[in-house]
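The values are calculated or read from the model by the stated rules, or taken from the named source; none is laboratory data. Computed from a prediction, not measured in an experiment: that's the story for all the values here. Please note: Cβ atoms are built from the backbone with ideal geometry, for glycine as well, and neighbour counts cover all protein chains shown.
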């Protein structure tokens, strides 16, 4: 079910902007358009037979829900996905098209998660978090780390979009012990992991501001992901909304790939000068998702933040 996604080395103007030693891991070309299928598939595969009859309930900003819908459909497990009102229509449509029961509840992800947990308790179903789950973390980061190890002989640094931390925690657990530097990037308007690391503890009641990077918004931090980042992550960089829009346009025009804003934040870090390549070896930026509303893409490409 999991697709091995391309690792591409940008050429010409793109290489000049990012750095000649930077490669892009195109998880926007994963099935369902997001790396989150990896964690969802791992969680469903680990579900005990005794829990399958009651099905699963997931909370999602969109990508995790689509991954859960596909993984459950393949396994014959009933799937219900709860999203908040801020979840983009393109992501809701994908979840429904994959056969999951879609429920829109709450104003944002946090409220959707509270509703999903309550529904799971009511039904006796298994709740699957997009980041606060050992199987999801290992599936997201572990399988991606294994692919990178096979694709890059001299991997030195990985730059990763960060929301609740389900991807960066898995990558950090797998790669940091091998000497690979791990750097996260978050929107400055919604950066719970950055705030948590600054405080020295997980911030579980975080309230960020709205960001174009919807899949990274509203996620407080859990002990699992915070502990992994505190142990293994070198730093978390922050980028502005304009930086993120610029990165979406850059990836479209200079690399020829479609990324959603949340998926483009690692590249935004390079364009903004917030992150840089490792001094030696290959640095990989994860393009984590490509599920962008067409109208939003048109607006970004028409806007003043588009790269020349």
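Worth pointing out:
- Subset tally (residues that are out of contact with any helix residue (DSSP H, G or I) (no Cβ under 8 Å at 6 or more places or on another chain) and touching a residue at least 40 places away in the same chain (Cβ under 8 Å)) for the range 136-151: 2
- Helices (runs of 4 or more DSSP H) fully within the range 15-97 counting 3 or more residues that are out of contact with any helix residue (DSSP H, G or I) (no Cβ under 9 Å at 6 or more places or on another chain): 49-52
- Selected residue [touching a helix residue (DSSP H, G or I) at 6+ places or on another chain (Cβ under 9 Å), at pLDDT 95 or above, closer than 27 Å to residue 9 by Cα and surrounded by fewer than 24 Cβ atoms within 10 Å (Cβ to Cβ)] from 277, 187: 277
- Residue within the range 241-251 that is more than 18 Å from the chain's Cα centre (by Cα), modelled with pLDDT of 95 or more and surrounded by fewer than 18 Cβ atoms within 10 Å (Cβ to Cβ) present: yes
- For residue 256, the requirement of being more than 19 Å from residue 181 (Cβ to Cβ), in contact with a helix residue (DSSP H, G or I) (Cβ under 6 Å, 6 or more places away or on another chain) and assigned by TED's automatic domain parsing to the domain that holds residue 14 is not met.
- Residue 285 vs. criteria within 14 Å of residue 183 (Cα to Cα), in contact with a helix residue (DSSP H, G or I) (Cβ under 8 Å, 6 or more places away or on another chain), outside the structural domain of residue 112 (by TED's automatic domain parsing) and not in a helix (DSSP H, G or I): yes
- Check on residue 112, touching a strand residue (DSSP E or B) at 6+ places or on another chain (Cβ under 9 Å), surrounded by fewer than 24 Cβ atoms within 10 Å (Cβ to Cβ), under 25 Å from residue 170 (Cβ atoms) and outside the structural domain of residue 297 (by TED's automatic domain parsing): no
- Take the conditions (1) at pLDDT 95 or above; (2) under 25 Å from residue 158 (Cβ atoms); residue 16 misses just one of them, which is (1).
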